[in-house]
Amino acid sequence: MPSRYRSMPAIAAIFAFLALPLRAVAEPPFTILGTGVTARPYVLWDDLVVETDGVDAYVRDYADPAQPRWYGEPFSSAQMHWSDVVADDGLVVVINTDPLFYPVGYGVIDFSNPAAPVELHVTAGLACRSVWLSERALICDLETGILAYDLTEPAAPAFSGGLVVGQHPGRRWLSVVGNEMYLIDHGSVLRRLDVTDPRHPVDRGLVTTVIDGRIDALVGGDGVLHGLVAAPDGTSGTSLDLVTWDCTEPGSPVESARERLFTDAGADAAGRVLVLDGDLLLAAGSDARLHAFGMDTPTAPRAGWVLPLDTGHVALGARTLHVTTDGGLHVYPRTAADAQPPAALVYPVLPRFQTITGEGAIQIAQLRSDDSVLMAVDVSEPARPRLEKPFQTGLNGRLQFVDGLGLMLDGPETVQLLDLSDPRSPLRRGRIGLPGTGASATLHARGMVTIDYGLEDTRLDIWDVRDPDQPRFVRSLADRSAFSSDGRWLVCGTGAPHHYDDPRLYKLDDDYRPEFVGELQSSLWTVWQPLVVGDCVYLFGQNATATDLMEIHRLSGPPTRLQVQSLGFAPILATTLGNLLFVQGNYRCHVYDVSQADDPEHLGSFAADRFGGAGFARNGNVLTVSGQLITVGSGLNATTAAPLPAASAAVHLEPAQPNPFNPSTRLAFTVDRERFLTVAIHDVRGRLVRELAARPFAPGRHEFSWDGTGGGAPAPSGVYFARVHGDGVEAAQPMTLLK
């Protein structure tokens, strides 16, 4: 990785600091410290790793494996589900191979500043199974072909060539040795390409390296090629071998070493992972072990340590080894093949949570799949939240929590108080009956619960639960939908769409006697949550045109509306951490400086749980946010990138019929919506042979035929590519003209 890219984050941080307004603190306001999401790791360069669960990408620097540095915020690609990732010189290409997520294709992202990646381009309609990237040249593996693209202008990839390869059901393992690329053509047969100019790969023919067996994985090294080969072992089982070929003569690889990894007597042995970086070669198969080999002599890898890990994905950094298993992500300090790695940092797989709440290093999460289950979560290491034992409550509904006390529903007409002062051992305390199925209960600070009778009855019951074993009814209030921040203020008359009346403000004394202060002159028709901040109350909700807003009202003296700010998303929850205000929606969380409560300053935002979880918990100056357990601290900065409009299924190009053909063939494709598309024929060098159409196409299926001519003359025998492309759309299929 060139030094200019390594220095970019530091330079960006300097400019971000200089851009802060004068009222800002000396240090940037907040940083993302970690997340509970365990994802597949890919090394971008050195020890900078992007981890992706397919939806979001998380970037960490593992230069110090014991204390990885979180880089920026979760990066949510607006258009691309991530199935695989390749990187080179600050550029990252991701592909989506999952047909359940559209678009199937590839995306190009500028990661030169890892704290603020920028999505440059998405190509839809291209069913890539794996890709290779080097020097702004991209090679894509399709089911029956190889396509090449020129990424000199990353935002506008240019098709530059392709070739036909054999049928192969899985990944082809594009592997480079010098200027030669080897890939699995079919079974045990390899195909060799000349990639001296990788934008225009040249087919050098087939290479048979294994007589009896199946090649499951490949990786290229210094003058050698390594493969995982599954073959009958002479009995009723199969074995998996690491085979090395000397590629001094590129057209005739010679087997130079073979190491037996394991024999499976009862099933089909298979290779899964083969990774080479410098002096270390790693191999994994279906024996649930990771094997290391030293590369002192490239033609004869030396067997080293073995880890008992059942893995399907491995990434090697400069100082780290990352291994994914069903149990989570294991991060080891990188060692040589003859030095067993020390104990790993384990990032366990965590379930999705409906909410997170609590105070201190042990917090309380509620399962999304079963809201009756609470789980203790250890966030003492913010970058690596860990689950403790679950607790089956037998209750339901979203957990409410204030000052060590919890509240949940116990059937349709009762709420249960829970002692959560020890999050590892919740205890049932007293119960409060609800006056009907439309009633609801709200837990407030200072040991108070309000019971709302519902929209048809403007009545609130106030209960004293400071002794949670003996809840005590205090009084009723002729109002509804009570919210509170600190137990001393109530904001009522909110929570119902189109309430038409302004929220009403009450002040409470120590005996919960409400004193009416006045109405808040609000423009909101729906208020989701009020929050008292200093001498102001913030209202979060929507106005009559469904615009999501934050209103600020002064509490001292007659309630006065001071200002209104647009949020850009529907607010769910809000809380404060020192002088910071966090407002969470379905996809993002805004952060404000509220040191001047009557004039909050927007500091930034970060991606939050897009799957519906919402919640806040505190541990000192660290806040845990949402069902993804994103931990946020003060003192460092987090940056954001503006999302792009979402893409959908674009174009599906069917294989040419007949193929091979002479003199003509039929082409058909389906388009999702009206698009301007070009239908063209290219040769293997990417040159245009004939343009069949360039116009708007209506949604649906379209057919064309090509008569095998270009430029008014018959085209010679050879491989050609039918290509349908437009703005952000790319589909191609190989076909062969025989004469």
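Could you figure out which of (1) open to solvent by 60 Å² or more (accessible area, probe 1.4 Å); (2) more than 29 Å from residue 61 (Cβ to Cβ) isn't true of residue 279?
(2)
For the range 25-37: of the residues being surrounded by 20 or more Cβ atoms within 10 Å (Cβ to Cβ) and over 18 Å from residue 63 (Cβ atoms), which is modelled with the lowest pLDDT?
The selected residue is 29.
Is it fair to say residue 289 is surrounded by fewer than 17 Cβ atoms within 10 Å (Cβ to Cβ), basic (Lys, Arg) and out of contact with any Ser or Thr (no Cβ under 7 Å at 6 or more places or on another chain)? Outline the logic, then answer.
Working: surrounded by fewer than 17 Cβ atoms within 10 Å (Cβ to Cβ): yes; basic (Lys, Arg): yes; out of contact with any Ser or Thr (no Cβ under 7 Å at 6 or more places or on another chain): yes.
It is true that residue 289 is surrounded by fewer than 17 Cβ atoms within 10 Å (Cβ to Cβ), basic (Lys, Arg) and out of contact with any Ser or Thr (no Cβ under 7 Å at 6 or more places or on another chain).
Name the residues in the range 682-732 that are assigned to a strand (DSSP E or B), closer than 14 Å to residue 650 by Cα and in contact (Cβ under 8 Å) with a residue 24 or more places away in the chain, would you?
Once the filter is applied, which keeps residues that are assigned to a strand (DSSP E or B), closer than 14 Å to residue 650 by Cα and in contact (Cβ under 8 Å) with a residue 24 or more places away in the chain, the range 682-732 yields 697, 700, 701, 702, 723, 724, 725, 726, 729, 730, 731, 732.
Only strands (runs of 3 or more DSSP E) wholly contained in the range 295-339 count here; list those with 2 or more residues that are crowded, with 19+ Cβ neighbours inside 10 Å.
Passing ranges, in order: 313-316, 320-325, 328-333.
Restricting attention to the range 207-242, which residues are touching a Pro at 6+ places or on another chain (Cβ under 7 Å), of a type in the set (Val, Ile, Thr) and in a strand (DSSP E or B)?
207, 224, 238
How many of the residues in the range 192-220 are out of contact with any Lys or Arg (no Cβ under 8 Å at 6 or more places or on another chain) and more than 17 Å from residue 241 (Cβ to Cβ)?
Count: 8.
Filter the range 98-126 down to the residues that are out of contact with any strand residue (DSSP E or B) (no Cβ under 6 Å at 6 or more places or on another chain) and over 14 Å from residue 83 (Cβ atoms) and list them by number.
112, 113, 115, 116
So, residue 117, is that one closer than 23 Å to residue 47 by Cα, touching a residue at least 12 places away in the same chain (Cβ under 8 Å) and not small (Gly, Ala, Ser) or not?
So residue 117 fits the description; yes.
Is it the case that residue 648 is modelled with pLDDT under 90, of a type in the set (S, T, N, Q) and within 19 Å of residue 548 (Cβ to Cβ)?
no
Would a scan of the range 89-110 turn up a residue that is in a loop (DSSP other than H, G, I, E, B), at pLDDT 90 or above and at negative phi?
Checked against the condition, which is being in a loop (DSSP other than H, G, I, E, B), at pLDDT 90 or above and at negative phi, the range 89-110 yields no hits at all.
Would you confirm, using the coordinates I've provided, whether residue 410 is surrounded by 17 or more Cβ atoms within 10 Å (Cβ to Cβ) and of a type in the set (D, E, K, R)?
For residue 410, the condition - surrounded by 17 or more Cβ atoms within 10 Å (Cβ to Cβ) and of a type in the set (D, E, K, R) - is met.
Does residue 419 count as in contact (Cβ under 8 Å) with a residue 12 or more places away in the chain, surrounded by fewer than 17 Cβ atoms within 10 Å (Cβ to Cβ) and within 21 Å of residue 475 (Cβ to Cβ)?
It is false that residue 419 is in contact (Cβ under 8 Å) with a residue 12 or more places away in the chain, surrounded by fewer than 17 Cβ atoms within 10 Å (Cβ to Cβ) and within 21 Å of residue 475 (Cβ to Cβ).
The values are calculated or read from the model by the stated rules, or taken from the named source; none is laboratory data. These figures come from a predicted structure and were not determined experimentally. Backbone-built Cβ (ideal geometry, glycine too); neighbour counts: all protein chains shown. Surface accessibility is based on the protein's heavy atoms, side chains included, excluding ligands, DNA and RNA. Shrake-Rupley method; radii C 1.70, N 1.55, O 1.52, S 1.80 Å.
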